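Heads up: the structure comes next, in C-alpha coordinates.
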Amino acid sequence: MRNAAYERHSLHILQRLLEAKNVSVIEDDCPNRTLLRKTLYGATFGSIMHKSDNTRIYVHNQVYSCTLGTMNTEAEAGQIALKEERHQCILELLGSEGRVLAADLSSRYRVSEDTIRRDLRELASSGKIQRVHGGALPRRAEVVPFESRQQIDTESKIGIARAAANLIRDRQVVLIDGGTTNLRIASYLSRERSATIVTNSPPLALALADHKKLSVLMLGGNFLKEERVTTGIETIRRVESIRADLCFLGMCSLHPEVGITVGNQEEAYVKQAMIEASTEVVGLISLGKMGTSLPYLVGPASRLTRLITDASDEDVLNPYRSQGIEVTST
(Lines give C-alpha, C1' and ligand atoms only; values in the text may rest on other atoms or scores of the structure.)
Protein backbone atom coordinates (compact mmCIF):
# COMPACT_ATOMS: atom_id res chain seq x y z
CA MET A 1 0.00 0.00 0.00
CA ARG A 2 2.80 2.39 0.86
CA ASN A 3 4.49 1.86 -2.53
CA ALA A 4 1.24 2.41 -4.40
CA ALA A 5 0.56 5.60 -2.44
CA TYR A 6 4.11 6.81 -3.09
CA GLU A 7 3.76 6.18 -6.83
CA ARG A 8 0.41 8.04 -6.93
CA HIS A 9 1.99 10.94 -5.06
CA SER A 10 4.95 11.01 -7.45
CA LEU A 11 2.65 10.91 -10.46
CA HIS A 12 0.63 13.77 -9.00
CA ILE A 13 3.79 15.85 -8.72
CA LEU A 14 4.73 15.00 -12.31
CA GLN A 15 1.30 15.98 -13.54
CA ARG A 16 1.52 19.33 -11.78
CA LEU A 17 4.93 19.94 -13.35
CA LEU A 18 3.81 18.95 -16.84
CA GLU A 19 0.69 21.13 -16.71
CA ALA A 20 2.61 24.17 -15.52
CA LYS A 21 4.33 26.59 -17.85
CA ASN A 22 7.85 27.80 -17.27
CA VAL A 23 7.94 25.83 -14.06
CA SER A 24 10.98 26.44 -11.95
CA VAL A 25 10.92 24.59 -8.64
CA ILE A 26 14.31 25.17 -7.07
CA GLU A 27 14.43 24.04 -3.48
CA ASP A 28 17.22 22.39 -1.54
CA ASP A 29 16.51 18.81 -0.54
CA CYS A 30 17.23 20.02 3.00
CA PRO A 31 18.89 23.13 4.46
CA ASN A 32 22.37 23.92 3.13
CA ARG A 33 22.31 21.03 0.67
CA THR A 34 23.72 21.34 -2.81
CA LEU A 35 20.88 21.53 -5.32
CA LEU A 36 20.34 18.59 -7.62
CA ARG A 37 18.79 19.88 -10.81
CA LYS A 38 17.24 17.95 -13.65
CA THR A 39 15.16 18.74 -16.70
CA LEU A 40 11.75 17.42 -17.68
CA TYR A 41 10.15 18.85 -20.82
CA GLY A 42 11.91 22.15 -20.17
CA ALA A 43 10.95 22.33 -16.48
CA THR A 44 13.91 22.51 -14.11
CA PHE A 45 13.29 21.16 -10.65
CA GLY A 46 14.99 19.76 -7.64
CA SER A 47 13.21 18.43 -4.55
CA ILE A 48 9.59 19.36 -3.92
CA MET A 49 8.85 21.00 -0.58
CA HIS A 50 5.37 20.97 0.98
CA LYS A 51 4.28 22.81 4.09
CA SER A 52 1.50 21.55 6.32
CA ASP A 53 0.72 23.77 9.29
CA ASN A 54 4.22 24.66 10.48
CA THR A 55 5.81 21.39 9.48
CA ARG A 56 8.10 21.07 6.47
CA ILE A 57 8.04 17.81 4.58
CA TYR A 58 10.89 17.17 2.14
CA VAL A 59 9.98 14.79 -0.68
CA HIS A 60 12.99 13.54 -2.65
CA ASN A 61 12.00 12.45 -6.14
CA GLN A 62 14.27 11.26 -8.93
CA VAL A 63 12.27 11.63 -12.14
CA TYR A 64 13.25 10.38 -15.56
CA SER A 65 11.87 11.00 -19.04
CA CYS A 66 8.22 9.93 -19.14
CA THR A 67 4.80 10.55 -20.52
CA LEU A 68 1.84 11.33 -18.34
CA GLY A 69 0.67 8.18 -16.54
CA THR A 70 3.67 6.08 -17.60
CA MET A 71 7.02 6.39 -15.88
CA ASN A 72 10.30 5.07 -17.27
CA THR A 73 12.16 3.69 -14.29
CA GLU A 74 15.42 3.19 -16.17
CA ALA A 75 18.02 5.56 -14.74
CA GLU A 76 19.76 8.06 -16.95
CA ALA A 77 23.16 7.00 -18.24
CA GLY A 78 25.75 7.36 -15.53
CA GLN A 79 23.28 7.87 -12.72
CA ILE A 80 23.39 5.51 -9.76
CA ALA A 81 20.42 6.04 -7.48
CA LEU A 82 20.98 3.29 -4.93
CA LYS A 83 23.39 4.12 -2.14
CA GLU A 84 24.80 0.58 -1.98
CA GLU A 85 25.65 0.67 -5.69
CA ARG A 86 27.37 4.04 -5.34
CA HIS A 87 29.39 2.77 -2.38
CA GLN A 88 30.61 -0.22 -4.37
CA CYS A 89 31.47 1.94 -7.38
CA ILE A 90 33.37 4.41 -5.18
CA LEU A 91 35.42 1.58 -3.65
CA GLU A 92 36.22 0.15 -7.09
CA LEU A 93 37.22 3.56 -8.42
CA LEU A 94 39.39 4.17 -5.37
CA GLY A 95 41.09 0.85 -5.92
CA SER A 96 41.90 1.64 -9.56
CA GLU A 97 42.81 5.33 -9.24
CA GLY A 98 44.17 5.64 -5.70
CA ARG A 99 42.07 8.69 -4.77
CA VAL A 100 38.62 10.15 -5.42
CA LEU A 101 37.26 13.70 -5.30
CA ALA A 102 33.71 14.49 -4.19
CA ALA A 103 33.15 16.92 -7.06
CA ASP A 104 34.24 14.35 -9.65
CA LEU A 105 32.05 11.65 -8.09
CA SER A 106 29.06 14.01 -8.09
CA SER A 107 29.48 14.61 -11.81
CA ARG A 108 30.22 10.98 -12.61
CA TYR A 109 27.20 9.55 -10.76
CA ARG A 110 24.85 12.52 -11.27
CA VAL A 111 24.03 13.10 -7.64
CA SER A 112 24.65 16.09 -5.42
CA GLU A 113 28.01 16.66 -3.75
CA ASP A 114 26.24 16.47 -0.39
CA THR A 115 25.00 12.99 -1.29
CA ILE A 116 28.57 12.00 -2.17
CA ARG A 117 29.89 13.51 1.06
CA ARG A 118 27.37 11.42 3.01
CA ASP A 119 28.50 8.35 1.09
CA LEU A 120 32.15 9.08 1.93
CA ARG A 121 31.36 9.67 5.59
CA GLU A 122 29.54 6.34 5.82
CA LEU A 123 32.35 4.47 4.05
CA ALA A 124 34.91 6.11 6.34
CA SER A 125 32.96 5.28 9.50
CA SER A 126 32.86 1.62 8.43
CA GLY A 127 36.64 1.65 7.96
CA LYS A 128 36.54 1.09 4.19
CA ILE A 129 38.16 4.38 3.15
CA GLN A 130 40.22 7.22 4.57
CA ARG A 131 38.24 10.48 4.42
CA VAL A 132 40.21 13.61 3.47
CA HIS A 133 39.17 17.16 2.61
CA GLY A 134 37.44 17.16 -0.77
CA GLY A 135 37.47 13.39 -1.24
CA ALA A 136 38.96 10.14 -0.01
CA LEU A 137 42.04 7.92 -0.07
CA PRO A 138 42.34 4.15 0.39
CA ARG A 139 41.70 2.99 3.92
CA ARG A 140 44.55 3.64 6.30
CA ALA A 141 46.46 0.67 7.59
CA GLU A 142 46.53 0.33 11.35
CA VAL A 143 49.93 0.95 12.95
CA VAL A 144 50.40 -1.91 15.42
CA PRO A 145 53.34 -2.42 17.82
CA PHE A 146 55.81 -5.19 16.98
CA GLU A 147 54.77 -7.49 19.83
CA SER A 148 51.10 -7.30 18.85
CA ARG A 149 51.90 -7.86 15.17
CA GLN A 150 53.58 -11.15 15.99
CA GLN A 151 50.16 -12.57 16.93
CA ILE A 152 48.35 -11.34 13.80
CA ASP A 153 47.93 -13.39 10.58
CA THR A 154 50.40 -16.02 11.80
CA GLU A 155 49.35 -18.67 9.26
CA SER A 156 49.64 -16.21 6.39
CA LYS A 157 53.06 -15.06 7.55
CA ILE A 158 54.33 -18.63 7.75
CA GLY A 159 53.44 -19.30 4.10
CA ILE A 160 54.89 -16.00 2.93
CA ALA A 161 58.13 -16.41 4.93
CA ARG A 162 58.64 -19.97 3.68
CA ALA A 163 58.27 -18.84 0.05
CA ALA A 164 60.71 -15.98 0.68
CA ALA A 165 63.34 -18.24 2.30
CA ASN A 166 63.27 -20.52 -0.76
CA LEU A 167 64.43 -17.61 -2.95
CA ILE A 168 67.76 -17.19 -1.16
CA ARG A 169 70.72 -18.81 -2.90
CA ASP A 170 74.31 -19.53 -1.87
CA ARG A 171 76.81 -16.66 -2.10
CA GLN A 172 74.10 -14.04 -2.42
CA VAL A 173 74.09 -10.76 -0.53
CA VAL A 174 70.58 -10.34 0.83
CA LEU A 175 69.09 -7.25 2.47
CA ILE A 176 66.28 -8.11 4.88
CA ASP A 177 64.24 -5.28 6.35
CA GLY A 178 62.45 -5.39 9.70
CA GLY A 179 58.98 -6.76 10.31
CA THR A 180 57.33 -9.80 11.83
CA THR A 181 56.95 -11.62 8.49
CA ASN A 182 60.62 -11.06 7.64
CA LEU A 183 61.59 -12.33 11.09
CA ARG A 184 59.98 -15.67 10.28
CA ILE A 185 62.31 -16.14 7.29
CA ALA A 186 64.98 -17.32 9.76
CA SER A 187 62.81 -20.32 10.70
CA TYR A 188 62.56 -21.58 7.11
CA LEU A 189 66.02 -20.73 5.78
CA SER A 190 68.11 -23.87 5.21
CA ARG A 191 70.91 -24.38 7.74
CA GLU A 192 73.07 -25.40 4.77
CA ARG A 193 72.61 -22.08 3.02
CA SER A 194 75.78 -20.01 2.67
CA ALA A 195 74.93 -16.34 2.09
CA THR A 196 75.43 -12.88 3.57
CA ILE A 197 72.39 -11.42 5.30
CA VAL A 198 72.36 -7.66 5.88
CA THR A 199 69.62 -6.40 8.17
CA ASN A 200 68.51 -3.45 10.29
CA SER A 201 66.38 -5.80 12.43
CA PRO A 202 68.06 -6.86 15.72
CA PRO A 203 65.44 -9.61 16.30
CA LEU A 204 66.26 -11.12 12.90
CA ALA A 205 70.03 -10.90 13.46
CA LEU A 206 69.59 -12.83 16.72
CA ALA A 207 67.30 -15.40 15.08
CA LEU A 208 70.01 -16.11 12.48
CA ALA A 209 72.72 -16.67 15.11
CA ASP A 210 72.42 -20.47 14.88
CA HIS A 211 72.80 -20.54 11.08
CA LYS A 212 76.48 -21.43 11.06
CA LYS A 213 77.10 -20.95 7.33
CA LEU A 214 75.51 -17.52 7.13
CA SER A 215 77.34 -14.24 7.52
CA VAL A 216 75.17 -11.68 9.29
CA LEU A 217 75.84 -7.94 9.01
CA MET A 218 73.86 -5.85 11.48
CA LEU A 219 73.20 -2.26 10.37
CA GLY A 220 73.73 0.30 13.12
CA GLY A 221 71.81 3.52 13.70
CA ASN A 222 69.02 4.88 15.83
CA PHE A 223 66.91 2.09 17.32
CA LEU A 224 63.15 2.49 16.90
CA LYS A 225 61.68 0.59 19.83
CA GLU A 226 58.14 0.15 18.49
CA GLU A 227 59.30 -1.04 15.06
CA ARG A 228 62.38 -2.96 16.35
CA VAL A 229 64.60 -1.61 13.54
CA THR A 230 67.54 0.77 13.19
CA THR A 231 67.19 3.93 11.12
CA GLY A 232 68.93 7.23 10.48
CA ILE A 233 71.78 8.57 8.39
CA GLU A 234 74.26 5.97 9.67
CA THR A 235 71.95 3.16 8.58
CA ILE A 236 71.33 4.71 5.18
CA ARG A 237 75.03 5.33 4.47
CA ARG A 238 75.84 1.73 5.27
CA VAL A 239 73.10 0.49 2.95
CA GLU A 240 74.36 2.78 0.19
CA SER A 241 77.77 1.07 0.38
CA ILE A 242 76.22 -2.33 -0.41
CA ARG A 243 75.18 -3.91 -3.69
CA ALA A 244 72.67 -6.61 -2.79
CA ASP A 245 71.39 -9.39 -5.03
CA LEU A 246 68.08 -9.53 -3.24
CA CYS A 247 66.03 -7.41 -0.83
CA PHE A 248 63.09 -8.55 1.26
CA LEU A 249 61.06 -5.48 2.08
CA GLY A 250 58.84 -5.47 5.14
CA MET A 251 55.55 -3.86 4.14
CA CYS A 252 53.05 -2.07 6.34
CA SER A 253 50.75 -1.17 3.46
CA LEU A 254 50.61 -1.39 -0.31
CA HIS A 255 48.30 0.07 -2.93
CA PRO A 256 48.69 -0.34 -6.72
CA GLU A 257 48.28 3.40 -7.32
CA VAL A 258 49.38 5.02 -4.05
CA GLY A 259 52.42 2.74 -3.74
CA ILE A 260 54.45 1.48 -0.78
CA THR A 261 53.81 3.48 2.39
CA VAL A 262 54.80 3.29 6.06
CA GLY A 263 53.91 5.01 9.32
CA ASN A 264 57.39 6.33 10.16
CA GLN A 265 59.33 8.74 7.95
CA GLU A 266 62.77 7.57 9.09
CA GLU A 267 61.83 4.00 8.25
CA ALA A 268 60.68 5.14 4.80
CA TYR A 269 64.14 6.59 4.08
CA VAL A 270 65.85 3.31 4.98
CA LYS A 271 63.48 1.30 2.79
CA GLN A 272 64.15 3.67 -0.11
CA ALA A 273 67.90 3.13 0.30
CA MET A 274 67.43 -0.66 0.39
CA ILE A 275 65.43 -0.58 -2.84
CA GLU A 276 68.13 1.49 -4.57
CA ALA A 277 70.87 -0.89 -3.37
CA SER A 278 69.21 -4.11 -4.61
CA THR A 279 68.97 -5.91 -7.94
CA GLU A 280 65.71 -7.63 -7.01
CA VAL A 281 63.17 -6.27 -4.52
CA VAL A 282 60.61 -8.64 -3.02
CA GLY A 283 57.67 -7.29 -1.07
CA LEU A 284 56.18 -9.53 1.60
CA ILE A 285 52.62 -8.63 2.55
CA SER A 286 49.43 -10.27 3.79
CA LEU A 287 46.05 -9.59 2.22
CA GLY A 288 44.83 -7.39 5.07
CA LYS A 289 47.49 -4.77 4.34
CA MET A 290 46.89 -4.63 0.58
CA GLY A 291 44.89 -1.74 -0.81
CA THR A 292 45.80 0.43 2.19
CA SER A 293 47.95 3.51 2.72
CA LEU A 294 49.98 5.21 5.45
CA PRO A 295 51.36 8.76 5.65
CA TYR A 296 54.93 8.26 4.37
CA LEU A 297 55.67 7.16 0.82
CA VAL A 298 58.52 4.75 0.15
CA GLY A 299 57.94 4.57 -3.59
CA PRO A 300 55.58 3.34 -6.30
CA ALA A 301 54.51 -0.29 -6.28
CA SER A 302 56.42 -0.76 -9.55
CA ARG A 303 59.72 -0.56 -7.61
CA LEU A 304 58.99 -4.14 -6.55
CA THR A 305 60.18 -6.91 -8.84
CA ARG A 306 58.23 -9.58 -6.98
CA LEU A 307 55.35 -9.72 -4.53
CA ILE A 308 54.75 -12.64 -2.15
CA THR A 309 51.31 -12.63 -0.53
CA ASP A 310 48.55 -14.85 0.74
CA ALA A 311 46.06 -12.97 -1.46
CA SER A 312 44.57 -15.10 -4.23
CA ASP A 313 41.84 -12.90 -5.72
CA GLU A 314 42.85 -12.02 -9.28
CA ASP A 315 41.10 -8.65 -8.99
CA VAL A 316 43.47 -7.82 -6.14
CA LEU A 317 46.61 -9.17 -7.80
CA ASN A 318 46.19 -8.11 -11.45
CA PRO A 319 46.84 -4.38 -10.81
CA TYR A 320 50.32 -5.37 -9.59
CA ARG A 321 50.97 -7.79 -12.43
CA SER A 322 50.06 -5.05 -14.90
CA GLN A 323 52.98 -3.03 -13.51
CA GLY A 324 55.43 -5.81 -14.33
CA ILE A 325 55.56 -7.26 -10.82
CA GLU A 326 55.87 -11.04 -10.55
CA VAL A 327 53.30 -12.25 -8.04
CA THR A 328 53.63 -15.37 -5.89
CA SER A 329 50.42 -16.31 -4.09
CA THR A 330 50.86 -18.64 -1.15
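Got a sec to turn the phi values of the stretch 217-229 into Karplus ³J(HN,Hα) couplings, 6.51 cos²θ - 1.76 cosθ + 1.60 with θ = phi - 60°, whole Hz, x for Gly and Pro?
For the stretch 217-229, the Karplus-derived couplings read 10, 8, 7, x, x, 6, 8, 8, 5, 5, 8, 6, 9 Hz, x marking Gly and Pro.
Long-range amide H contacts for THR330: which residues qualify at under 5 Å (H placed 1.01 Å from N, peptide plane, sequence gap of 5 or more or a different chain)?
So THR330 has HN proximity to THR309, ASP310, ALA311.
Using just the alpha carbons, could you tell me how many Å³ per residue the convex hull of the stretch 251-305 encloses?
So the per-residue hull volume is 64 Å³.
Do the alpha carbons of any pairs in LYS213/LYS289; LYS225/LYS289; LYS212/LYS289; LYS157/LYS289 sit beyond 24 Å of each other, and which pairs?
LYS213/LYS289; LYS212/LYS289
If you project the alpha carbons of the stretch 221-293 onto their three principal axes, what span does each projection cover, largest first, in Å?
Computed over the Cα atoms, the extents are 32, 29, 17 Å.
Considering the alpha-carbon set of the stretch 177-267 alone, what are its Rg and its Dmax in angstrom?
13.6, 42
List every residue whose amide H lies under 5 Å from the amide H of ASN200, counting only residues 5 or more places away in sequence or on a different chain, with H placed 1.01 Å from N in the peptide plane.
It is ILE176, GLY178, LEU219, by chain and number.
For the stretch 272-282, just list the computed ³J(HN,Hα) in residue order, Karplus coefficients 6.51, -1.76 and 1.60, θ = phi - 60°, integers in Hz, with x standing in for Gly and Pro.
Result, rounded to whole Hz: 4, 5, 5, 4, 5, 8, 10, 6, 10, 10, 10.
Could you tell me the calculated FRET efficiency between GLU85 and GLU192, based on Cβ-Cβ distance and R0 = 51 angstrom, to the nearest 0.05?
0.35
Provide the solvent-accessible area of ASP210, counting protein heavy atoms only and rolling a 1.4 Å probe, rounded to the nearest 10 Å².
100
What's the ranking of 244-253, 277-286 by average number of surrounding C-beta atoms within 10 Å, highest first?
Descending packing order for the listed peptides: 244-253, 277-286.
Would you tally the net charge around SER293, using a Cβ to Cβ cut-off of less than 11 Å, leaving SER293 out, and scoring K and R as +1, D and E as -1?
After counting each charged neighbour, the total is +3.
Which ³J(HN,Hα) values, rounded to whole Hz and listed in residue order, are derived for the stretch 192-204 from phi using the Karplus coefficients 6.51, -1.76 and 1.60 in 6.51 cos²θ - 1.76 cosθ + 1.60 with θ = phi - 60°, glycine and proline given as x?
So the Karplus estimates, Gly and Pro as x, are 8, 6, 10, 8, 10, 9, 10, 9, 9, 10, x, x, 5 Hz.
The values are calculated or read from the model by the stated rules, or taken from the named source; none is laboratory data. Values in this document were obtained by computation on a predicted structure and should not be read as measured data. Reconstructed Cβ throughout: ideal geometry from the backbone, glycine too, with neighbour counts over all protein chains shown. Each accessible area value is taken on the protein alone, full model and side chains, heavy atoms only, with ligands, DNA and RNA left out. Shrake-Rupley method; radii C 1.70, N 1.55, O 1.52, S 1.80 Å.
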